[in-house]
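Here the structure comes first, spelled out in C-alpha cells, and everything after it is commentary.
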Amino acid sequence: MVVIGGLLFTSCDADSTGGVSKVTIYPTIEVNGASTVFVPAGGTYTDPGAVAKEGETVISTEVSFNGNFRGAKTLDVNQPDEYTETYTATNKDGFKATATRRVIVYKTGDLVNSIEGVYLSTTKRNGTLLPTSQGSSVDMKYIYIWKNSDGTYGVSDAFGGWYSIGRNIGITSATRGGTIAGNIPTNTFTFPGNPLTNQYFGGVANITALNVNAATKTVVLTCAWVAPPATNYNFVSTLTQLQI
C-alpha cells in the first residue's frame, strides 16, 4: 500500500508540470552606418543609431560609452581616445543583446610641436614580426597618442598593439600608462610613466626610446619587457600617423 501510494504521488506530480514550456524570441540589433567613426576633438558626434528587434517588432535600445584608454564613462569629444559605444536591447523576458561601434576622438599633431594622433603600427618583437599563424603585426589599427594636461603625452599601448591588436587578445593585453616627456625637434625624451605592467600577462616594462620623423610622419617607439617568469622581450614599433 505504501509503495503504490508513493508511485501514485510521483505520477501526479510529474503530470502537474509535464508539457509546460515557454518560447522567447531573442533580440537582435543592427548597427546603422560605419563600425568605426572618427570625430575631431572639439567636434560633434552624430550617432547613426541602431535598430533592435524582437522578432519583427522594433524595440528600444540603451546606449553607453566607455573610453578604452583614458577611462571616461561617457563620450567626451574634447578628450581624444578610442571609445566603445554599446547598444543594448532587452526583450520582454529579460534577455539582452548588445552591439558595438568604435568612436575615435582624435587630434593630429604636426610632429614638430605635437605628436598627438592616430597611428598605424608595425611592430617587431626581438627583431621579428608576428608569425602569420598567430596574426599580423603590420599596419595594425590603431595606436593612439594624446596630450596630457601637464604637457606630457600618453600612448595607448607601449607594445605597439602586438598582443591587443596583432594577436587580437583585446585591450586588456595592451600595456597602458606609458608617458612621454621631452623635446620633439631634438628627439630628447624621458618616460616618467615607467615602469609599466601588462594587465593580461604581468611583468615589468619600460619605454626606452622614442624617435620622431616629421617628414615621414612616423614615430618609432621602443619598449623593453621582462615577462614572467624571466623572459626578455624588446618591442620596436614604427607608428605611421594617419592624416585624417
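The values are calculated or read from the model by the stated rules, or taken from the named source; none is laboratory data. This is a predicted model, so every value here is computed, not measured. Methodologically, a virtual Cβ is constructed for each residue, glycine included, from the backbone with ideal geometry; neighbour enumeration extends over all protein chains shown. Accessible surface is based on the protein model in full, side chains and every heavy atom, while ligands, DNA and RNA are left aside. Shrake-Rupley method; radii C 1.70, N 1.55, O 1.52, S 1.80 Å.
Determine which member of the set T222, T175, T218, T231 is modelled with pLDDT of 95 or more and open to solvent by 50 Å² or more (accessible area, probe 1.4 Å).
Every option except T231 fails the conditions.
Going through segment 197-241 one residue at a time, which ones are in a loop (DSSP other than H, G, I, E, B) and within 24 Å of A181 (Cβ to Cβ)? So that I can check it myself, show each step before the final result.
Taking segment 197-241 first, the residues in a loop (DSSP other than H, G, I, E, B) are 197-203, 214-217, 228-230.
Result: T197, N198, Q199, G203, A214, A215, T216, K217.
Take the conditions within 26 Å of Y45 (Cα to Cα), at pLDDT 95 or above and loosely packed, with under 15 Cβ neighbours inside 10 Å and apply them to S149. Does it pass?
Yes, satisfied.
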